[in-house]
Amino acid sequence: DNISIGIYRSTLNPLNRYIQVNPAMVKMFGFDSEDELLNIKPEDLYNDPSEMPLLLDEIRDRGYIRDREVCFINKNGAQIWCSITANAEYDYEGYIKWIWRHTIEILRKLNTGSPNSYAPPRADWFVQVQRHRMSPTITTP
């Protein structure tokens, strides 16, 4: 709950729905609740909806994508540039059950009327990720 990286799980076409979203994802896209975001079709958040099938095709082919920059739109229509990493999770027959993704906001278009009005997101996500990477797991016998 304290991380500012959007983490979510979704199905593939034809259903293509969010199954699970974290609070950071809800906040990043300007929704009021997890339930509200779960009722949105994922393609409705893409600035260019034709980009989503291309990403899904790559996930089907490779099983993952890494650090892909994508322009989304939030609930209010503002553009959000994010970096996405996604991994397919397979069932016992080798079919994709769902896709886990994490999304990091890298740039937000401000609603100022200026075509070049962008602002960086909060930078604390980097500190949080680094703390997570630096925290060793200590086990005792």
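The set of residues in the stretch 45-92 that are open to solvent by 20 Å² or more (accessible area, probe 1.4 Å), closer than 15 Å to Ile5 by Cα and among the hydrophobic types (A, V, I, L, M, F, W, C) contains only Trp81.
Take Asp48 and decide whether it is farther than 13 Å from Ala86 by Cα and either charged (D, E, K, R) or in a loop (DSSP other than H, G, I, E, B) (or both). Taking the combined requirement at face value, the residue satisfies it. Taking the listed residues Lys75, Lys109, the one that is modelled with pLDDT of 55 or more, among the basic types (Lys, Arg) and over 17 Å from Leu55 (Cα atoms) is Lys75, with no other qualifying.
Residue-wise test of (1) of a type in the set (A, V, I, L, M, F, W, C); (2) over 16 Å from Ile104 (Cβ atoms); (3) assigned to a strand (DSSP E or B).
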site: Val26; (1), (2), (3): yes, no, no
site: Glu43; (1), (2), (3): no, yes, no
site: Met52; (1), (2), (3): yes, yes, no
site: Asp67; (1), (2), (3): no, no, yes
site: Phe72; (1), (2), (3): yes, no, yes
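The values are calculated or read from the model by the stated rules, or taken from the named source; none is laboratory data. All values reported here derive from a predicted model rather than from experimental measurement. With ideal geometry, Cβ positions are generated from the backbone for all residues, glycine too; neighbour counts draw on all protein chains shown. Only protein heavy atoms, including side chains, enter the accessible area calculation; ligands, DNA and RNA are left aside. Shrake-Rupley method; radii C 1.70, N 1.55, O 1.52, S 1.80 Å.
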